[in-house]
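Reviewing the structure listed below.
Values in this text are rule-based calculations from the coordinates and carry no lab data. Since the structure is predicted, the reported quantities are computational estimates derived from the model, not experimental observations. Cβ placement follows ideal geometry from the backbone for every residue including glycine, while neighbour counts extend to all protein chains displayed.
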Amino acid sequence: MQVVIAESTTQVGLLAARKVAQVIRRRADAVIGLATGSSPLAIYAELARQVAEGELDCSTLRAFALDEYVGLPPGHPESYRQVIQREVVEPLRLTPGLVHVPDGSAADVAAACTAYEQKLAQTGPVDIQILGIGSNGHIGFNEPTSSFASRTRIKTLAPKTRADNARFFSSLDEVPIHCLTQGLATILDARELVLVAQGAKKAEAVAKMVEGPVTSMCPGSALQFHPNATVIIDADAASRLT
Ligand code: F6R
């Protein structure tokens, strides 16, 4: 695992965007793994700038989201399908039919998870997976105790994750209890991983991921098994590293 402590919080997004753009320039139909949440927004903003200025073309990219809430009405602005539409598909001018998000409103959730894994297997492997990390060490929505062998499945969000994500909803009660998420084994199938983290709230999770033992109590520590993982963080997120 390579750890890069960026000179500033702004640099975190720019350095990660550079890695993603390199992959896209090498292969116009690359498969990109998308994270949602606040951490990758600066990456998407920089890629969108490059697209707007004619430096990058994302129209033939294929993309897979990491996760989705279960139980939000279709079209809810905080469903990850909508977030990805708003933050990624439109600004990067992706082709909507090439972007996949687990179906959190499927009547048969298990079948939706199997279908997602099949689509990934047909299209993938993912060339570069963008990741954030939860303050409890989750990646995707693989909460502590998730199996390293896990694949896309339904999970219960940890109370800490629901509390952290309540900022996107009008109250904690509105935050869904369940989600669909790629498993840790699914994530580790990607050719390259780039995880970004900013701010002191992530410092403990970052230290456990990078320096702690590999344990399901810190799902991010699974990155220690990956041959091509880069963690790009700011000084605050790095503050608990020894
Ligand atoms: C979201 C995801 C999560 C987030 C994590 C950090 O698709 O995969 O693992 O990356 O919860 O969220 P933020 O970036 O909002 O702090």
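Here are some notes:
- Distance between the range 167-207 and the range 80-97 - C-alpha centres, whole angstrom: 19 Å
- Selected from 141, 168, 64 as most flexible by GNM, with the chain as the system and alpha-carbon contacts under 10 Å: 168
- Spin-label zone in the range 181-211 - amide nitrogen under 12 Å from a point set 7 Å from the Cα of residue 166 along the C-beta vector: none
- Straight-distance crosslink candidates among aspartates and glutamates, where the alpha carbon sits under 12 Å from residue 201 and sequence neighbours closer than 8 are dropped: 164, 234, 236
- Pairs beyond 27 Å (Cα-Cα), from 119/202; 19/119; 19/155: 119/202; 19/155
- Residues residue 228 and residue 90, FRET efficiency given R0 of 35 Å [Cβ-Cβ distance, rounded to 0.05]: 0.75
- Long hydrophobic helices in the chain: the complete DSSP H runs spanning 24 Å or more by Cα along their own axis with mean Kyte-Doolittle hydropathy of at least -0.5 are 9-26.
- Overall, the chain carries a charge dipole of about 300 debye about its Cα centre when +1 sits on the Cβ of Lys and Arg and -1 on the Cβ of Asp and Glu, all other atoms neutral.
- Counting neighbouring beta carbons within 10 Å and listing from fewest to most, the residues 217, 1 come out as 217, 1.
- Rotationally averaged projected area of the range 46-100 (alpha carbon convex hull; nm²): 3.9 nm²
- Set of aspartates and glutamates near residue 160 by C-alpha distance (under 16 Å), chain-local residues within fewer than 8 positions excluded: 143, 173, 174, 204
- Inverting the pair-averaged 1/r between distinct Cα atoms of the chain gives 17.7 Å as its Kirkwood hydrodynamic radius.
- Listed residues 37, 50, 214: farthest to the positive end of the dipole of the chain (Cβ charges): 214
- Based on DSSP H segments of at least four residues, each scored -39500 (n - 2.57), the chain has a per-residue ellipticity at 222 nm of -8500 deg cm²/dmol.
- Per-peptide average of other Cβ atoms within 10 Å, ordering 14-23, 231-240 highest first: 231-240, 14-23
- Global form of the range 105-220, assessed from the alpha-carbon gyration tensor, a/c cut-off 1.5: oblate
- Largest mean-square fluctuation among 76, 100, 178, in a Gaussian network model of the chain whose springs join Cα atoms under 10 Å apart, belongs to 76.
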